[in-house]
Amino acid sequence: MEKAQYGIMRFAKYKGPEIGNIEAHNERTKKKYASNLDVDVSRSNQNFHLVEPKGKYRAEAERQIAEAGCRTRKDSVRVVETLITASPEFFKGKKKAAIKEYFQTALDFIRAHQNPDTILSAVVHMDEKSPHMHLSFVPLTEDGRLSAKDIVGNKKKLTWWQDEFWKHMVKKYPELEHGESANYRTCHWQLLPYAMASQTGRDHIPPRVFKEMTRLNKQRERLDGLLTGMTLLNMKARTEEICKLLDSYIPGVEKMQTQLNKYSTAFTVTVTENKKLKKKNAQLSQSLDKATEESTLKKIADARLRSDYEEAVAVLDRIPPEIINVYARMPAERRSKAHEEVL
(Lines give C-alpha, C1' and ligand atoms only; values in the text may rest on other atoms or scores of the structure.)
Protein backbone atom coordinates (compact mmCIF):
# COMPACT_ATOMS: atom_id res chain seq x y z
CA MET A 1 0.00 0.00 0.00
CA GLU A 2 1.41 3.38 -1.05
CA LYS A 3 1.88 6.05 1.58
CA ALA A 4 -0.27 9.16 1.42
CA GLN A 5 1.34 12.19 -0.19
CA TYR A 6 0.83 15.65 1.25
CA GLY A 7 1.75 19.18 0.27
CA ILE A 8 3.26 20.94 3.29
CA MET A 9 3.30 24.63 4.15
CA ARG A 10 4.36 26.08 7.50
CA PHE A 11 4.89 29.65 8.74
CA ALA A 12 7.40 31.06 11.23
CA LYS A 13 7.71 34.66 12.46
CA TYR A 14 10.95 36.54 13.10
CA LYS A 15 11.49 39.84 14.88
CA GLY A 16 15.16 40.85 14.98
CA PRO A 17 18.63 39.31 15.19
CA GLU A 18 17.33 35.83 14.30
CA ILE A 19 16.54 37.16 10.80
CA GLY A 20 20.27 37.10 10.06
CA ASN A 21 20.46 33.48 11.21
CA ILE A 22 17.71 32.29 8.88
CA GLU A 23 19.29 34.24 6.02
CA ALA A 24 22.63 32.51 6.63
CA HIS A 25 20.90 29.15 6.51
CA ASN A 26 18.64 29.88 3.54
CA GLU A 27 21.31 31.52 1.40
CA ARG A 28 24.04 29.05 2.41
CA THR A 29 26.57 31.73 3.42
CA LYS A 30 28.45 29.38 5.75
CA LYS A 31 31.08 26.86 4.69
CA LYS A 32 30.04 24.35 7.36
CA TYR A 33 26.76 23.56 9.12
CA ALA A 34 27.85 21.61 12.19
CA SER A 35 24.50 22.21 13.91
CA ASN A 36 22.55 20.74 10.99
CA LEU A 37 23.96 17.40 9.86
CA ASP A 38 21.30 17.12 7.14
CA VAL A 39 23.06 19.75 5.01
CA ASP A 40 25.37 18.19 2.43
CA VAL A 41 27.45 21.13 1.22
CA SER A 42 28.80 19.04 -1.66
CA ARG A 43 25.27 19.26 -3.15
CA SER A 44 24.60 22.92 -2.31
CA ASN A 45 25.39 23.91 -5.91
CA GLN A 46 22.10 22.19 -6.83
CA ASN A 47 20.09 24.69 -4.78
CA PHE A 48 18.26 27.35 -6.79
CA HIS A 49 16.30 30.58 -6.35
CA LEU A 50 12.85 31.36 -7.66
CA VAL A 51 13.15 34.84 -6.14
CA GLU A 52 16.64 36.27 -5.72
CA PRO A 53 17.22 38.47 -2.66
CA LYS A 54 17.90 42.14 -3.43
CA GLY A 55 20.05 42.48 -0.34
CA LYS A 56 20.21 41.45 3.30
CA TYR A 57 16.86 40.24 4.61
CA ARG A 58 16.79 42.58 7.61
CA ALA A 59 17.91 45.66 5.67
CA GLU A 60 15.42 45.05 2.85
CA ALA A 61 12.63 44.42 5.35
CA GLU A 62 13.39 47.66 7.19
CA ARG A 63 13.44 49.53 3.86
CA GLN A 64 10.01 48.22 2.89
CA ILE A 65 8.60 48.95 6.34
CA ALA A 66 9.94 52.51 6.28
CA GLU A 67 8.56 53.14 2.78
CA ALA A 68 5.15 51.92 3.94
CA GLY A 69 5.33 54.43 6.81
CA CYS A 70 4.89 51.77 9.49
CA ARG A 71 5.97 52.27 13.06
CA THR A 72 7.79 49.36 14.68
CA ARG A 73 8.55 48.14 18.17
CA LYS A 74 11.41 45.96 19.29
CA ASP A 75 9.08 42.95 19.28
CA SER A 76 7.47 43.70 15.89
CA VAL A 77 7.56 40.78 13.45
CA ARG A 78 9.55 41.97 10.46
CA VAL A 79 9.88 38.77 8.45
CA VAL A 80 7.61 35.76 7.97
CA GLU A 81 9.23 32.62 6.60
CA THR A 82 7.15 30.06 4.74
CA LEU A 83 8.56 26.55 4.54
CA ILE A 84 7.06 24.67 1.60
CA THR A 85 7.72 21.03 0.83
CA ALA A 86 5.87 17.73 0.39
CA SER A 87 5.97 14.19 1.69
CA PRO A 88 9.26 12.46 0.73
CA GLU A 89 7.26 9.95 -1.35
CA PHE A 90 6.04 12.79 -3.58
CA PHE A 91 9.57 13.66 -4.73
CA LYS A 92 10.73 10.10 -5.39
CA GLY A 93 11.76 9.65 -9.01
CA LYS A 94 11.20 13.31 -9.91
CA LYS A 95 13.89 15.18 -11.80
CA LYS A 96 14.99 18.70 -10.97
CA ALA A 97 12.72 20.28 -13.60
CA ALA A 98 9.64 18.61 -12.13
CA ILE A 99 10.69 19.59 -8.60
CA LYS A 100 11.19 23.18 -9.72
CA GLU A 101 7.72 23.18 -11.28
CA TYR A 102 6.19 22.08 -7.96
CA PHE A 103 7.80 24.93 -6.05
CA GLN A 104 6.97 27.44 -8.79
CA THR A 105 3.33 26.41 -8.45
CA ALA A 106 3.58 26.99 -4.69
CA LEU A 107 5.23 30.37 -5.26
CA ASP A 108 2.39 31.36 -7.60
CA PHE A 109 -0.03 30.60 -4.76
CA ILE A 110 1.81 32.84 -2.28
CA ARG A 111 2.05 35.63 -4.85
CA ALA A 112 -1.71 35.45 -5.37
CA HIS A 113 -2.37 36.15 -1.68
CA GLN A 114 0.61 38.25 -0.59
CA ASN A 115 2.05 41.27 -2.41
CA PRO A 116 4.90 39.82 -4.56
CA ASP A 117 6.99 42.93 -3.86
CA THR A 118 7.19 41.97 -0.17
CA ILE A 119 8.90 38.64 -0.96
CA LEU A 120 12.55 38.86 0.08
CA SER A 121 13.70 35.48 -1.18
CA ALA A 122 12.41 32.12 -2.36
CA VAL A 123 15.16 29.52 -2.40
CA VAL A 124 14.85 25.77 -2.91
CA HIS A 125 17.23 23.51 -1.01
CA MET A 126 18.27 20.33 -2.79
CA ASP A 127 21.17 19.58 -0.45
CA GLU A 128 19.17 18.13 2.44
CA LYS A 129 17.11 14.96 2.89
CA SER A 130 14.05 16.21 1.03
CA PRO A 131 13.62 19.19 -1.33
CA HIS A 132 12.01 22.21 0.32
CA MET A 133 11.62 25.93 -0.27
CA HIS A 134 12.24 28.78 2.16
CA LEU A 135 10.11 31.76 1.12
CA SER A 136 10.60 34.86 3.24
CA PHE A 137 8.41 37.96 3.05
CA VAL A 138 7.71 41.18 4.93
CA PRO A 139 4.23 40.91 6.56
CA LEU A 140 2.78 44.08 5.05
CA THR A 141 -0.98 44.00 4.53
CA GLU A 142 -2.84 45.21 1.45
CA ASP A 143 -3.57 48.51 3.18
CA GLY A 144 0.10 49.04 4.07
CA ARG A 145 0.19 47.91 7.72
CA LEU A 146 2.90 45.77 9.26
CA SER A 147 0.87 42.93 10.76
CA ALA A 148 1.96 39.30 10.78
CA LYS A 149 -1.04 38.72 13.04
CA ASP A 150 -3.47 39.74 10.31
CA ILE A 151 -1.72 37.60 7.71
CA VAL A 152 -0.89 34.37 9.57
CA GLY A 153 -1.66 35.14 13.19
CA ASN A 154 -4.54 32.93 14.32
CA LYS A 155 -5.98 29.44 13.94
CA LYS A 156 -8.76 30.50 11.58
CA LYS A 157 -6.33 32.26 9.24
CA LEU A 158 -3.82 29.41 9.31
CA THR A 159 -6.57 26.91 8.51
CA TRP A 160 -7.61 29.13 5.60
CA TRP A 161 -4.03 29.18 4.26
CA GLN A 162 -3.77 25.39 4.46
CA ASP A 163 -7.14 24.83 2.77
CA GLU A 164 -6.45 27.28 -0.05
CA PHE A 165 -2.92 25.92 -0.55
CA TRP A 166 -4.26 22.41 -1.03
CA LYS A 167 -7.01 23.60 -3.41
CA HIS A 168 -4.37 25.39 -5.49
CA MET A 169 -1.83 22.57 -5.56
CA VAL A 170 -4.26 19.70 -6.16
CA LYS A 171 -5.28 21.20 -9.51
CA LYS A 172 -1.87 20.26 -10.90
CA TYR A 173 -1.03 17.48 -8.45
CA PRO A 174 -4.22 15.45 -7.85
CA GLU A 175 -2.25 12.80 -5.95
CA LEU A 176 -1.84 15.20 -3.02
CA GLU A 177 -4.17 14.53 -0.12
CA HIS A 178 -5.59 17.10 2.29
CA GLY A 179 -3.91 16.82 5.69
CA GLU A 180 -5.27 17.84 9.08
CA SER A 181 -2.84 20.58 10.00
CA ALA A 182 -4.11 22.76 12.85
CA ASN A 183 -6.60 20.02 13.74
CA TYR A 184 -4.66 17.46 15.72
CA ARG A 185 -7.52 15.15 16.58
CA THR A 186 -5.29 12.73 18.46
CA CYS A 187 -4.06 15.41 20.84
CA HIS A 188 -6.00 15.60 24.04
CA TRP A 189 -6.26 19.38 24.19
CA GLN A 190 -8.41 19.21 21.05
CA LEU A 191 -10.89 17.09 22.99
CA LEU A 192 -11.56 20.08 25.22
CA PRO A 193 -14.27 22.23 23.60
CA TYR A 194 -14.13 25.85 24.66
CA ALA A 195 -17.60 26.17 26.12
CA MET A 196 -18.24 28.17 29.26
CA ALA A 197 -21.41 26.27 30.12
CA SER A 198 -22.69 27.04 33.58
CA GLN A 199 -22.06 24.26 36.08
CA THR A 200 -22.28 25.74 39.51
CA GLY A 201 -23.52 29.28 39.00
CA ARG A 202 -20.54 30.68 40.94
CA ASP A 203 -19.54 34.22 40.11
CA HIS A 204 -16.48 34.73 42.30
CA ILE A 205 -13.11 33.63 40.93
CA PRO A 206 -10.65 33.00 43.80
CA PRO A 207 -7.14 34.55 43.74
CA ARG A 208 -5.48 31.11 43.34
CA VAL A 209 -6.96 30.80 39.82
CA PHE A 210 -5.34 34.08 38.81
CA LYS A 211 -2.03 32.86 40.26
CA GLU A 212 -2.33 29.65 38.24
CA MET A 213 -2.96 31.68 35.10
CA THR A 214 0.12 33.81 35.81
CA ARG A 215 2.21 30.63 35.88
CA LEU A 216 0.53 29.37 32.70
CA ASN A 217 1.20 32.71 31.00
CA LYS A 218 4.93 32.37 31.69
CA GLN A 219 4.93 28.90 30.17
CA ARG A 220 2.92 30.15 27.17
CA GLU A 221 5.45 32.92 26.56
CA ARG A 222 8.28 30.38 26.71
CA LEU A 223 6.46 28.02 24.32
CA ASP A 224 5.63 30.88 21.96
CA GLY A 225 9.28 31.95 21.96
CA LEU A 226 10.47 28.45 21.11
CA LEU A 227 8.03 28.23 18.21
CA THR A 228 8.67 31.74 16.89
CA GLY A 229 12.44 31.31 16.67
CA MET A 230 12.40 27.79 15.21
CA THR A 231 14.48 27.08 12.12
CA LEU A 232 15.83 23.95 10.49
CA LEU A 233 19.10 24.67 12.30
CA ASN A 234 17.65 24.49 15.80
CA MET A 235 14.56 22.35 15.20
CA LYS A 236 15.94 19.23 16.90
CA ALA A 237 16.95 21.02 20.10
CA ARG A 238 13.76 23.08 20.25
CA THR A 239 11.58 20.03 19.65
CA GLU A 240 13.14 18.48 22.75
CA GLU A 241 12.46 21.63 24.79
CA ILE A 242 8.89 21.93 23.53
CA CYS A 243 8.13 18.29 24.37
CA LYS A 244 9.45 18.82 27.90
CA LEU A 245 7.32 21.92 28.31
CA LEU A 246 4.15 20.30 26.95
CA ASP A 247 4.09 17.70 29.73
CA SER A 248 3.33 20.43 32.24
CA TYR A 249 1.68 22.96 29.92
CA ILE A 250 -1.09 20.74 28.55
CA PRO A 251 -2.29 19.60 32.02
CA GLY A 252 -2.15 23.25 33.06
CA VAL A 253 -4.44 24.29 30.19
CA GLU A 254 -6.83 21.43 31.00
CA LYS A 255 -6.93 22.39 34.66
CA MET A 256 -7.54 26.03 33.81
CA GLN A 257 -10.49 25.14 31.59
CA THR A 258 -12.00 23.10 34.43
CA GLN A 259 -11.55 26.07 36.76
CA LEU A 260 -13.13 28.51 34.33
CA ASN A 261 -16.11 26.23 33.74
CA LYS A 262 -16.83 26.40 37.47
CA TYR A 263 -16.99 30.18 37.41
CA SER A 264 -18.69 30.65 34.06
CA THR A 265 -21.11 33.35 35.20
CA ALA A 266 -18.16 35.71 35.52
CA PHE A 267 -17.61 35.51 31.75
CA THR A 268 -20.34 37.73 30.42
CA VAL A 269 -18.21 40.68 29.35
CA THR A 270 -17.87 41.10 25.58
CA VAL A 271 -14.83 42.67 23.91
CA THR A 272 -16.71 45.91 23.36
CA GLU A 273 -17.87 45.95 26.97
CA ASN A 274 -14.32 45.32 28.13
CA LYS A 275 -13.09 48.41 26.28
CA LYS A 276 -15.82 50.44 27.97
CA LEU A 277 -14.81 49.03 31.34
CA LYS A 278 -11.19 50.06 30.80
CA LYS A 279 -12.34 53.56 29.94
CA LYS A 280 -14.46 53.62 33.06
CA ASN A 281 -11.47 52.49 35.09
CA ALA A 282 -9.68 55.75 34.30
CA GLN A 283 -12.64 57.70 35.70
CA LEU A 284 -13.36 55.60 38.77
CA SER A 285 -11.79 57.84 41.37
CA GLN A 286 -13.86 60.79 40.19
CA SER A 287 -17.24 59.41 39.20
CA LEU A 288 -17.86 56.06 40.93
CA ASP A 289 -18.35 55.05 44.51
CA LYS A 290 -16.16 52.38 46.12
CA ALA A 291 -18.58 49.47 45.60
CA THR A 292 -19.01 50.21 41.89
CA GLU A 293 -15.23 50.61 41.52
CA GLU A 294 -14.56 47.18 42.97
CA SER A 295 -17.24 45.60 40.79
CA THR A 296 -15.89 47.18 37.61
CA LEU A 297 -12.28 46.26 38.39
CA LYS A 298 -13.38 42.68 39.01
CA LYS A 299 -15.06 42.51 35.60
CA ILE A 300 -11.90 43.82 33.94
CA ALA A 301 -9.75 41.21 35.72
CA ASP A 302 -12.16 38.40 34.81
CA ALA A 303 -12.20 39.44 31.15
CA ARG A 304 -8.38 39.49 31.16
CA LEU A 305 -8.36 35.98 32.62
CA ARG A 306 -10.60 34.71 29.84
CA SER A 307 -8.41 36.36 27.20
CA ASP A 308 -5.25 34.83 28.71
CA TYR A 309 -6.85 31.38 28.61
CA GLU A 310 -7.79 31.77 24.94
CA GLU A 311 -4.18 32.72 24.13
CA ALA A 312 -2.93 29.70 26.09
CA VAL A 313 -5.05 27.40 23.91
CA ALA A 314 -4.21 29.24 20.67
CA VAL A 315 -0.45 28.71 21.00
CA LEU A 316 -1.00 24.94 20.97
CA ASP A 317 -2.43 25.21 17.46
CA ARG A 318 0.87 26.66 16.24
CA ILE A 319 2.83 23.52 17.07
CA PRO A 320 3.87 21.76 13.82
CA PRO A 321 2.55 18.20 13.29
CA GLU A 322 6.13 16.89 13.25
CA ILE A 323 6.64 17.95 16.86
CA ILE A 324 3.26 16.58 17.87
CA ASN A 325 4.31 13.21 16.48
CA VAL A 326 7.59 13.30 18.43
CA TYR A 327 5.73 14.18 21.62
CA ALA A 328 3.17 11.41 21.11
CA ARG A 329 5.94 8.83 20.62
CA MET A 330 8.00 9.95 23.61
CA PRO A 331 8.30 7.10 26.17
CA ALA A 332 6.26 7.60 29.32
CA GLU A 333 9.30 7.44 31.62
CA ARG A 334 11.13 10.07 29.59
CA ARG A 335 8.08 12.33 29.62
CA SER A 336 7.83 11.92 33.38
CA LYS A 337 11.46 12.97 33.79
CA ALA A 338 10.96 15.91 31.42
CA HIS A 339 7.93 17.00 33.43
CA GLU A 340 10.03 17.06 36.63
CA GLU A 341 12.72 19.14 34.92
CA VAL A 342 10.22 21.76 33.79
CA LEU A 343 8.65 22.00 37.23
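At a glance:
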| quantity | calculated |
| --- | --- |
| Flag if R10 is open to solvent by less than 80 Å² (accessible area, probe 1.4 Å), over 29 Å from P174 (Cα atoms), under 19 Å from the mean Cα position of the chain (by Cα) and in contact (Cβ under 8 Å) with a residue 24 or more places away in the chain | no |
| Close pairs (6 angstrom Cβ cut-off, 6 or more residues apart or separate chains): surrounded by 15 or more Cβ atoms within 10 Å (Cβ to Cβ) in the range 154-178, assigned to a strand (DSSP E or B) anywhere | F165/M9; M169/G7; M169/L176; L176/Q5; L176/G7 |
| Leading residue by the ranking (nearest to E52 (Cα to Cα)) among those in the range 121-143 that are open to solvent by 10 Å² or more (accessible area, probe 1.4 Å) and in contact with an Asp or Glu (Cβ under 8 Å, 6 or more places away or on another chain) | E128 |
| Hits in the range 192-227 - residues which are hydroxyl-bearing (S, T, Y) and at pLDDT 80 or above | T214 |
| Odd one out for E62 among (1) surrounded by 17 or more Cβ atoms within 10 Å (Cβ to Cβ); (2) not in a loop (DSSP other than H, G, I, E, B) | (1) |
| Residues of the range 65-100 satisfying the condition of being acidic (D, E), within 29 Å of E322 (Cα to Cα) and not in a loop (DSSP other than H, G, I, E, B) | E81, E89 |
| Enumeration of residues in the range 78-104 that are open to solvent by 10 Å² or more (accessible area, probe 1.4 Å) and touching a His at 6+ places or on another chain (Cβ under 8 Å) | E81, L83, T85 |
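The values are calculated or read from the model by the stated rules, or taken from the named source; none is laboratory data. Just so it is clear, the structure is predicted and the values come from calculations on it, not from any experiment. A quick note on method: Cβ atoms are made from the backbone with ideal geometry, for glycine too, and the neighbour counts reach across all protein chains shown. Surface areas here come from the heavy atoms of the whole protein model, side chains and all, with no ligands, DNA or RNA. Shrake-Rupley method; radii C 1.70, N 1.55, O 1.52, S 1.80 Å.
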